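What follows is calculated from the coordinates using simple rules that are stated; it is not laboratory data. Just so you know, these numbers come straight off a predicted model, no measurement behind them. Heads up, the Cβs are rebuilt from the backbone with ideal geometry, glycines too, and the neighbour counts pull from every protein chain shown.
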Amino acid sequence: MKKHLLSCIALALSLVFLFSGCSLRFTALPNLLRPPKLAGDYEGLQEAFEDSVGKNFSLKTPISGDYRSAFVMYDVDNDGEDEAFVFYTQNKDQSTVRLHFMDSENGRWTFHYDFPGAGSDVYSVFFADMNDDGFSELIVEWNLFDSKESKVLTVYHYDRTENTPSISTLAREACTAMLPIDMDNDGCKEIFLIAPEATGTVRRTVGKLLKMTNESISVVSKVTLDPKAINYVSLKSENLGIQYPVKIYIDANVSATSMITEIVYWDNSAKKLIAPLFDEKKGVNLVTRRNEPIASRDINNDAIIEIPIQTVLPDSGYASTDIPPQDSDGAGQADVNAAQKLYLTKWVQFQGNGSQKMKVVSYSSINYSDGYMFLYPDDWIVDEENPKVTIISNQKERRWTFFARENGKTGEALFNILTIPTDQWAKNPNADYTLLKENGSVVYVGRLSSAASQYGIDFDQLKSSISVIE
């Protein structure tokens with residue numbers, strides 16, 4: 001019995017360490033399940049917090065963003081010392097997260113404010129000085145129970161009256177995604193958010209810009225976005241200087257396999273938000289719709305974000321399950337299912353104010369299932385509709401074979417790219433293949449055919465052309 005009890009205690013301790021990054025309830029076994037002690041300058045913070053709220057609580061860790069601790073430390077009043085914002089729930093009420101605000105005075109942590117938040121979980125936490133008063137506003141996204149898309153945004157303002165700090169709520173908005181950003185280049189952060197909106201029977205999706213004037217926040221502009229978005233993958237900003245508008249790139253899934261990118265910017269002369277890729281007459285963004293969930297990115301490291309647009313790659317396809325014997329070069333022509341095609345992805349920059357002014361930066365093919373992208377050299381795409389190289393994919397063997405195209409017909413095999421588990425490659429590297437790139441649990445290896453040299457293709461080119469999808 002004694003051995004059994006010791007085993008149970010050891011198991012409980014192991015579970016504490018295993019789930020130390022999650023929200024924990026401190027009801028059963030309180031001496032074993034206390035949160036790990038904070039160290040350094042914050043050593044007394046946890047004890048002061050527990051003295052204030054008691055022992056029956058559960059810490060709530062933000063799900064996303066830069067702050068991933070229930071104890072969020074930030075110098076909100078710009079006095080050179082951090083204040084503490086602690087997110088937790090009381091065990092008697094798990095439905096609402098509470099926010100506990102503490103300040104350090106003469107080395108001692110003092111409780112100042114405790115109030116309920118606006119959700120059952122904390123999604124993300126940001127700090128931004130929205131009115132240039134030297135005090136940063138606290139911006140919190142709250143999750144509503146089990147919903148992944150429905151969130152509530154709240155903005156809290158810190159103030160000190162007669163040396164007593166206080167926190168007030170300036171804004172509360174429903175949203176599905178948000179980004180703190182200085183869109184109008186006035187030196188103060190605004191908040192861009194995406195939210196559903198209903199007017200009578202008409203439902204739409206809008207982007208809103210929240211701006212703070214003095215100590216008041218209001219919506220200064222709204223713009224309609226594609227309502228077919230199922231969820232938002234990322235919001236990225238691009239700031240090229242005051243002579244260009246700050247742009248937000250919104251990557252959104254519109255089906256299980258399709259994605260679009262919206263662009264939103266602030267028109268300084270019109271004093272409103274603009275979404276140039278959304279067709280108001282059709283009520284949809286068709287310009288950037290693509291067949292694989294590939295997000296926008298700065299493909300060439302020029303500080304400008306490119307958007308992927310896809311077209312069918314001629315003569316491409318997937319090998320049938322009956323793979324014929326390979327020739328001596330290991331890249332024989334396989335049977336192709338003509339109903340399935342691969343895509344040529346062109347990466348474009350949208351310039352000016354319209355959707356038609358776009359510049360193609362580069363071309364690639366993306367192996368989404370194996371997690372890599374292959375950039376096409378410029379001389380392979382003299383004509384976008386008639387590229388000089390096409391691809392046959394063998395998903396069973398995780399192999400892409402690249403073929404030459406001449407006069408609209410498929411020619412000789414040029415090279416293979418094979419995806420192999422890292423441990424398998426380490427134990428038994430294939431002498432016929434050369435390592436091109438490593439990606440955690442897999443490696444990408446290549447093999448040239450005898451025809452590759454006729455097209456100026458070597459391993460240096462393959463290594464520089466392949467990149468991991470982030």
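Among residues other than Asn285 whose Cβ falls under 14 Å from its Cβ, what is the net charge (Lys/Arg +1, Asp/Glu -1)?
+1
Compute the distribution of all C-alpha to C-alpha distances in region 166-269, in bins of 10 Å from 0, and list the percent of pairs in each, rounded to whole numbers.
13, 44, 32, 10, 1
Does anyone have the angle between helix 43-53 and the longest principal axis of the chain? Alpha-carbon axes, 0 to 90°, nearest 10?
The angle comes out near 60 degrees.
Placing one identical point scatterer on every Cα of region 215-273 and ignoring solvent, what is log10 I(q)/I(0) from the Debye formula at q = 0.18, 0.20, 0.29 Å⁻¹?
Each listed q maps to, in turn, -0.75, -0.86, -1.17.
Tell me the label-point distance for the pair Lys236, Asn300, using the 7 Å Cα-to-Cβ offset, in nm and rounded to one decimal.
1.5 nm
So what are the three principal axis dimensions of the chain from its Cα atoms, in whole Å, longest to shortest?
Largest first, the chain extends 81, 75, 45 Å along its Cα principal axes.
Once you have a ≥ b ≥ c as the square roots of the Cα gyration tensor eigenvalues for region 161-205, tell me rounded if a/c is under 1.5, and otherwise prolate or oblate according to whether a/b is larger than b/c.
Taking the square roots of the gyration eigenvalues as a ≥ b ≥ c, region 161-205 is oblate.
What is the calculated FRET efficiency for Asp379 to Lys427, with r their C-beta to C-beta distance and R₀ = 60 Å, to the nearest 0.05?
Plugging the Cβ-Cβ distance into 1/(1 + (r/R0)^6) gives 0.95.
Which lysines have a Cα less than 18 Å from the Cα of Lys60, not counting those fewer than 8 places away in the same chain?
Lys37, Lys92, Lys148, Lys151
Helix-only mean residue ellipticity at 222 nm, the chain, DSSP H runs n ≥ 4 weighted -39,500 (n - 2.57), per residue, nearest 500. What is it? Intermediate values should be presented prior to the final figure.
Working: 4 runs with 41 residues, N = 470.
Rounded to the nearest 500, it is -2500 deg cm²/dmol.
Given the peptides 101-114, 304-317, arrange them by the average over their residues of other C-beta atoms within 10 Å, most packed first.
Per-residue mean Cβ counts within 10 Å order the peptides as 304-317, 101-114.
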